[in-house]
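Structure first, then comments.
Only the coordinates and a few stated rules stand behind these numbers; no lab work does. Everything quoted here is computed from the prediction, not taken from an experiment. Cβ placement follows ideal geometry from the backbone for every residue including glycine, while neighbour counts extend to all protein chains displayed.
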Amino acid sequence: MRQVSGICPATNKETMFSKFKALPSYFGGKRKLVKYIFKPIVKKEGTFIDAFLGGGSVSLYAKAKGYKVIANDIALRSCIIGNAIIANNTIELEKEDLARLFFKTKHENFIKKNYCPKVFTTKIAEFLDNAFAAVRLVENDTKRFLLLHLLIKFIISCRQFGKFTHTRDTLDLEARKWDWPLRSKSHAPKNLRMIQNPMLTLEKLMLEINHGIFDNHQQNEIHQKDVFDFLKTVAGDIVYFDPPYPGSSAYEVEYGILDNILAGRKLDNKPSVFSDNDADEFLERLFKSAKHIPQWIISLGQNKEDIGVRPEKLLAMVQKYRKAEVQMMEHKWSVANAGGRSQSNNIEYMIVTH
Ligand SMILES: C[S@@+](CC[C@H](N)C(=O)[O-])C[C@H]1O[C@@H](n2cnc3c(N)ncnc32)[C@H](O)[C@@H]1O
């Protein structure tokens, strides 16, 4: 097993790829690992397949390296991010686009009725209800994706740790009790967004998004499919697999409220089969379905030693098809990713095929 060292993002002074700011912070996002993911890739051009797009960091990096990117995720939230930033090579947001979010539009107060005051203050819930209704009327597909992406970034940037469970701060803000929500430098900025004019946050986020839009002269593609359906038809040179980690909290649960808001109704938010602690069968199926793609890079991790899939076990699954090796990462999740979870037992690794 090879140890990849020098990655300790908690204290990391290395500068990160600045275009990552165009993306929302996302649980399990791989911004801090991209250098290590791309190093063992044999083909330096061609088609890069990102089978679990998530928050888009690996696809954005592949796009910047000039690959044609074909990305997929089962979730609408990820496909919005992908269509706005990965498939879109040229169109940026303008101030006039932001103004559209404030045009009075008919809606059913879905957010205010269901998520106020625990998740959003009345001020922000009313803004979001109107904004989502207004976005649905935007005719240009790319502009619509950009505005939805902006609203995803807005929502995540209002919530402590990017999570929907920490409700005390929001309840206090709604009751106009400021001391606790504004108690520290780390909590105040997010909480202020819940009480100030949304335009202030939107203008800042618009600049971040526009900075991430560039042309890599490829027709990049975004798909919203179950990974097994996606693999049936996709072709390319490299596939990157970053599935939910077996035994860890499911994306459909963590982002359930965001997914409901995007759908405009309550979904069943059924956890992915890959989040199950016993996901071996699905991982085996994943590799069997990817036989036609020459090189595989797989990321996986364990929150605790006895949870999820151990590196040797995943290596053995991959070695049924290819020569491969394990690379252990000295990775620590940022607070935004971990949501305050203990990091002491985290194991993060990659399987690389030759
Ligand atoms: C670990 S995250 C990917 C993170 C991403 N690499 C990044 O850097 O942001 C895993 C993703 O898998 C998606 N997912 C879960 N089950 C899936 C399935 N059956 N098919 C496709 N995508 C799935 C989730 O919605 C989630 O976005």
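Report relative contact order for the chain in percent, whole number only (criteria: Cα-Cα under 8 Å, sequence separation at least 6).
24
Give me the Å³ per residue figure for the convex hull around the C-alpha atoms of region 68-211.
Looking at region 68-211, the number lands at 124 Å³ per residue.
Hey, in the GNM for the chain with a 10 angstrom Cα cutoff, which one of 93, 207, 137 fluctuates hardest?
Residue with maximal mean-square fluctuation among 93, 207, 137: 137.
May I ask you to sort 17, 52, 161 by Cβ crowding, counting other Cβ atoms within 10 Å and putting the fewest first?
By the 10 Å Cβ count, ascending, the order reads 17, 161, 52.
Tell me the net charge near residue 43. Cut-off is 12 Å between Cβ atoms, residue 43 excluded, with +1 for each Lys or Arg and -1 for each Asp or Glu.
Here the charged neighbours net out to +1.
Over all directions, how big on average is the projection of the convex hull of the alpha-carbon atoms in the chain, in square nanometres?
In nm², the orientation-averaged hull projection of the chain is 17.2.
Who wins for biggest fluctuation among 185, 163, 143 in a Gaussian network model of the chain, springs between alpha carbons below 10 Å?
185
Can you list residues from other chains, or at least 5 along the same chain, whose modelled amide H is less than 5 Å from the amide H of residue 221?
69, 70, 71
What order, most packed first, do the peptides 253-262, 303-312 have when packing is the mean number of other Cβ atoms within 10 Å of each residue?
Those peptides, ordered most packed to least, come out 253-262, 303-312.
Would you mind pulling out the separation of the Cα centroids of region 58-95 and region 263-331, in Å?
With region 58-95 and region 263-331 each reduced to a Cα centre, they are spaced 23 Å.
Note down the net charge around residue 122, summing +1 for each Lys or Arg and -1 for each Asp or Glu among other residues with Cβ under 12 Å from its Cβ.
Here the count lands on +2.
With just the Cα atoms defining each centre, how far is region 229-247 from region 129-159? Give it in Å.
That distance is 28 Å.
Quick check on packing: order 62-72, 195-205 by the mean number of other C-beta atoms within 10 Å, highest mean leading.
For the peptides 62-72, 195-205, the packing ranking is 62-72, 195-205.
At 24 angstrom or more along the helix axis (alpha-carbon based) and mean Kyte-Doolittle of 0.5 or higher, what helices does the chain contain? Whole DSSP H runs only.
141-158
Just the number: Rg to Rh for region 28-100, Cα atoms, Kirkwood Rh, two decimals.
Rg/Rh: 1.03.
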